[in-house]
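Engineer: The structure that follows is given in the form of structure tokens.
Every number in this text was worked out from the coordinates using simple rules, so none of it is lab data. Since this is a predicted model, take the numbers as computed values, not measurements. Glycine also receives a Cβ, built like all others from the backbone with ideal geometry; neighbour counts cover every protein chain displayed.
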Amino acid sequence: MLRSLILICLLTVATTTNSSAQIIALGASNTAGYGVGPSAAYPAVLEELLRAKGRPMSVSNAGVSGDTTGGMLARLSSVAPNGTKIVILQIGGNDRRKGISEAEAAANRSEIRKRLHARGIRIIEVDGYVRSALQSGLRLADGIHLTVEGHRKVAQQLAASIR
């Protein structure tokens with residue numbers, strides 16, 4: 001009886017751990033869903049796609065419109081709690097638009113990566129996927145934010161890279 005109880009407890013813990021795998025999407029306005037809303041943004045779509053494939057992973061949207069690498073670095077520990085497995089990083093172009101030097105932006109990006117690696121968190125950089133979607137015409141009238149279709153394309157590319 002005691003062995004059965006222990007086995008049930010261990011299986012419950014193992015199932016809970018696997019089903020609560022945590023993905024954080026850290027970025028700026030495209031991550032936040034500017035122009036389309038958070039429910040149509042790629043983090044929400046990614047979670048839907050993963051769950052449809054039988055992967056019950058939680059994807060948290062930590063996108064903030066207008067954010068810079070300095071802002072992302074400052075809030076990194078609060079948005080990527082213990083248990084985070086993957087951080088999807090979408091830096092965007094706000095540093096350049098806000099006059100932050102390339103050297104400072106590079107140092108911030110490097111520190112973000114260093115801190116995540118030190119915690120054993122996998123990083124998926126998504127700026128290339130976002131650029132590709134924008135270049136293929138999946139952009140709003142402002143030219144820098146994704147359409148609903150653009151978010152879906154980015155989410156599909158991400159889903160293919162998450163194992």
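Engineer: Filter segment 42-99 for residues that are in a strand (DSSP E or B) and touching a residue at least 60 places away in the same chain (Cβ under 8 Å) and give the result.
Structural biologist: Scanning segment 42-99 gives 84, 85, 86, 87, 88, 89, 90.
Engineer: Of everything in segment 80-113, what is surrounded by 16 or more Cβ atoms within 10 Å (Cβ to Cβ) and hydroxyl-bearing (Ser, Thr, Tyr)? Give them in sequence order.
Structural biologist: 84
Engineer: Surrounded by fewer than 15 Cβ atoms within 10 Å (Cβ to Cβ), hydroxyl-bearing (Ser, Thr, Tyr) and out of contact with any Cys (no Cβ under 6 Å at 6 or more places or on another chain): is that true of residue 77 in this structure?
Structural biologist: So residue 77 passes the test.
Engineer: Within segment 42-49, is even one residue of a type outside the set (A, V, I, L, M, F, W, C), buried (at least 16 other Cβ atoms within 10 Å of the Cβ) and farther than 17 Å from residue 130 by Cα?
Structural biologist: Yes: segment 42-49 contains one or more residues that are of a type outside the set (A, V, I, L, M, F, W, C), buried (at least 16 other Cβ atoms within 10 Å of the Cβ) and farther than 17 Å from residue 130 by Cα.
Engineer: State which residue pairs qualify: first residue within 20 Å of residue 79 (Cα to Cα) and inside segment 103-114, second residue exposed (fewer than 15 other Cβ atoms within 10 Å of the Cβ) and not aromatic (Phe, Trp, Tyr) in any location, beta carbons under 8 Å apart, and separation of 6 or more residues or different chains.
Structural biologist: 105/96; 113/123
Engineer: Can you report the number of residues in segment 122-138 which are among the acidic types (Asp, Glu) and either farther than 19 Å from residue 34 by Cβ or part of a loop (DSSP other than H, G, I, E, B) (or both)?
Structural biologist: Here is the first cut: in segment 122-138, the ones among the acidic types (Asp, Glu) are 125, 127.
With either farther than 19 Å from residue 34 by Cβ or part of a loop (DSSP other than H, G, I, E, B) (or both) added as a condition, the list becomes 125.
Number satisfying all stated conditions: 1.
Engineer: Look at residue 137 and say whether it is without any contact (Cβ under 8 Å) to a residue 40 or more places away in the chain and loosely packed, with under 15 Cβ neighbours inside 10 Å. Give the derivation first.
Structural biologist: Values: without any contact (Cβ under 8 Å) to a residue 40 or more places away in the chain: yes; loosely packed, with under 15 Cβ neighbours inside 10 Å: yes.
Yes: the conditions hold for residue 137.
Engineer: Okay, moving on. Could you please tell me which pairs satisfy a Cβ distance under 7 Å, a separation of 6+ or placement on different chains, a first residue in segment 22-39 that is among the aromatic types (Phe, Trp, Tyr), and a second residue that is part of a loop (DSSP other than H, G, I, E, B)?
Structural biologist: 34/65; 34/145
Engineer: Which of (1) free of Cβ contacts under 8 Å to residues at least 60 places away in the same chain; (2) surrounded by 14 or more Cβ atoms within 10 Å (Cβ to Cβ); (3) in contact with a strand residue (DSSP E or B) (Cβ under 8 Å, 6 or more places away or on another chain) is the odd one out, the single condition residue 119 does not satisfy?
Structural biologist: (2)
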